[in-house]
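The values are calculated or read from the model by the stated rules, or taken from the named source; none is laboratory data. From a predicted model like this one, the values you see are computed outputs, not experimental measurements. A quick note on method: Cβ atoms are made from the backbone with ideal geometry, for glycine too, and the neighbour counts reach across all protein chains shown. Protein only, heavy atoms only, side chains kept; ligands, DNA and RNA dropped before computing areas. Shrake-Rupley method; radii C 1.70, N 1.55, O 1.52, S 1.80 Å.
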Amino acid sequence: MANDSRLFQTTQDLGESGGVRSALTSRIDQGSYLPLYEGKFLWQFNHRFSGYQTGSDERGHRVLPESSDEFLADPMAAVAPFYWVDAQQVRSRLPADWDHRWVLGWRNVTTAVTERTVIAAVLPLVGAGDTCPLLFPMKAGARLSGCLLANLNAIPLDYVSRQKLGGIHLTYTILSQLPVLSPTSFEAPTEWFPSVNRIDWLLPRVLELIYGDWSLETFARACGYSCPPFKWNPERRLLLQCEIDAAFFHFYGLGHSDAEHILDSFNLVRDRDVVEYGAYRTKSVILEFYDAMAEAIRAGVPYQSRVDPLPADPRLTHAPRIAVSPPPASYAGDHLTTLDMLTLVTDNAWAAPSGVTAENIALFALIDVLRHFGQPIDSYQVRVAALLVRKPALALAFLGRAEAKEWVRVVGQDAQPLPKNVIDISQFQREAVDLAWAEAFNQLSGSGALVTSSGSWSAGPNLPQTSAEEWVFGRAAVAVRLASEMAADLANEHMNGFLRSVEDGTARQAIS
């Protein structure tokens, strides 16, 4: 960090330079800054454990107060860093093939006698200092990365790490010596629930622990979850983590007495439990879950989780961030609330990859638009939203200037207001149909993924949770917001005016 200290900006620096800070990004004119994370910001499965919003603004505090439950219950709350770093500098340090907007990090500063030694979490794309080293599981993807995180945070592995650690730094060298299970082991059937493999059993528990705020939405999407973040619930978090720990005792082939011996060595966990609960509750809950799993294995019946509702139940989530509301009585581009979500997205993150066909884009767009609407909706709004996903330059007709610039930055060339990127106004009419759209409609309606009734469309039982294409899902979030607020009569007027501005070049000038 000493070599890069010239790159760091304090909150005061940004304020004095006219920067306006949002949850995870500060912007100064055309520049953007990301938080510089420190290891003490992290706890297991929690990237918002502490920050400078809870303590002094002075640098050098080894310990910061823990974030309150009220803070963690807010899905928009983000920890306040001491330093900010230019976003381009952060992106330039990422591996060339790392195209995710999240990373895995752990606490470098630790000891063998603390409450827990290995403390790891998924982070949104941020800068990271040397006290918060990062992992880049290049071939794993989000789902296996979630399993890796669960493994790192599991008590059996923590026990081994305490035998390895001689100082106060959990270095890459020590981490590489720990008995992390192989990626292929998570594809095996779960011993106490053979019809489900380990990754599918673990992931709902891991996701509910990780995904507590909107900054990790892209990680959840990459795991196949399209729901909002999960509500913060300390009691459920204890049960979920205990169930994961019990599972890893089984994954490592450890018996009941082994588990009991290992748990008895975590003195600070015991002491904290005694203060909070009057007994070593973590141990008793883990062993209860462990024994229930062992009995399920012995009896050959599926294990019944004690966590109720079951992990990652959609009823436990916050309200959707992009609300669906009736169109307003009138429409003006600047009427829209600023789409803060765009400032959190990296340049060209929603650009279409090369080689994707128009038919696939239409299909992906219809899937994700239906998911974002989340309820029966007029078919015209569905088609318009999907059209904005497929032809993102058209969204500029309904965005204010600031939002338009962000949209072009995030989507890339396809969002430029150029004649090649727009369509004839006739395609914007209610009954307009093109070949790619017709094929997408026929495929989903024919398979029961799309339900049509009296002019309304909705997701059917066979509709995928997501297109699994982050760039489509991101575009669809904005497109649904725009389509929801359009007044149909004024939408055509705006589109006509926009198409004329594309022809005469004024649209291009407006975003330059």
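Per-residue ellipticity at 222 nm, computed for the chain from helices alone with -39500 (n - 2.57) per DSSP H run of at least four residues, works out to -12500 deg cm²/dmol. Comparing PHE230, THR171, ALA154 along the charge dipole axis of the stretch 101-251, the residue lying farthest to the positive side is THR171, per the Cβ-charge model.
Quick check: at a probe of 1.4 Å, how many percent of the accessible area of the chain sits on carbon and sulfur atoms? Numbers along the way, then the final one.
Values: 11420 of 22030 Å².
In the chain, the share of accessible area belonging to carbon and sulfur is 52 percent.
For the stretch 410-486, GluC sites (Glu not before Pro) meeting the loop criterion (DSSP other than H, G, I, E, B) and having at most 11 other Cβ atoms within 10 Å: GLU431. Less than 5 angstrom separates the built amide H of HIS169 from those of THR110, all sequence-distant by 5 or more or on a different chain.
Counting heavy atoms of the protein chains only and a 1.4 Å probe, report the per residue accessible area for the stretch 70-180 as a whole number of Å².
38 Å²
Put simply, the C-alpha atoms of the chain give a gyration tensor, and the ellipsoid matching it has half-axes of 43, 29, 19 Å, longest first. Between the helical axis of 379-390 and the dominant principal axis of the chain, each derived from Cα atoms, what acute angle in degrees is found, rounded to the nearest 10? Between the helix axis and the principal axis of the chain, the angle is about 80 degrees.
Does anyone have the angle between helix 488-504 and the longest principal axis of the chain? Alpha-carbon axes, 0 to 90°, nearest 10? Orientation of helix 488-504: about 80 degrees from the principal axis.
Placing +1 on each Lys and Arg Cβ and -1 on each Asp and Glu Cβ, with no other charges, gives the stretch 174-318 a dipole about its Cα centre of roughly 260 debye.
In a reduced charge model with +1 at each Lys and Arg Cβ and -1 at each Asp and Glu Cβ, the stretch 228-296 shows a dipole moment near 360 debye about its Cα centre. Within a straight-line Cα-Cα reach of under 25 Å, LYS40 can be paired with the following lysines, leaving aside sequence neighbours fewer than 8 residues apart in one chain: LYS164, LYS231. Here LYS405 is the anchor, and the lysines within straight C-alpha reach of less than 22 Å, apart from those fewer than 8 places off in the same chain, are LYS391, LYS420. Remark on VAL196: its backbone amide H falls under 5 Å from those of THR190, a criterion applied only to residues 5 or more positions apart or on other chains, H modelled at 1.01 Å from N.
The mean sequence separation of alpha-carbon pairs under 8 Å and at least six residues apart, normalised by the residue count of the chain, gives a relative contact order of 13 percent.
Given +1 at the Cβ of Lys and Arg, -1 at the Cβ of Asp and Glu and no other charges, the dipole of the stretch 400-439 around its Cα centre is 280 debye to the nearest 20. Quotient of the Cα radius of gyration of the stretch 425-512 and 2.2 N^0.38 Å, N being its number of residues: 1.35. Rounded, prolate or oblate, given the Cα gyration tensor of the stretch 197-276, with a/c below 1.5 counting as rounded? In terms of gyration-tensor shape, oblate. Let me know the shape class of the stretch 260-311, please: from the alpha-carbon gyration tensor, a ≥ b ≥ c as square roots of the eigenvalues, rounded when a/c is under 1.5, otherwise prolate if a/b is greater than b/c, or oblate. Verdict is oblate for the stretch 260-311.
Across the stretch 406-494, the relative contact order, built from alpha-carbon pairs under 8 Å that are at least six residues apart, equals 17 percent.
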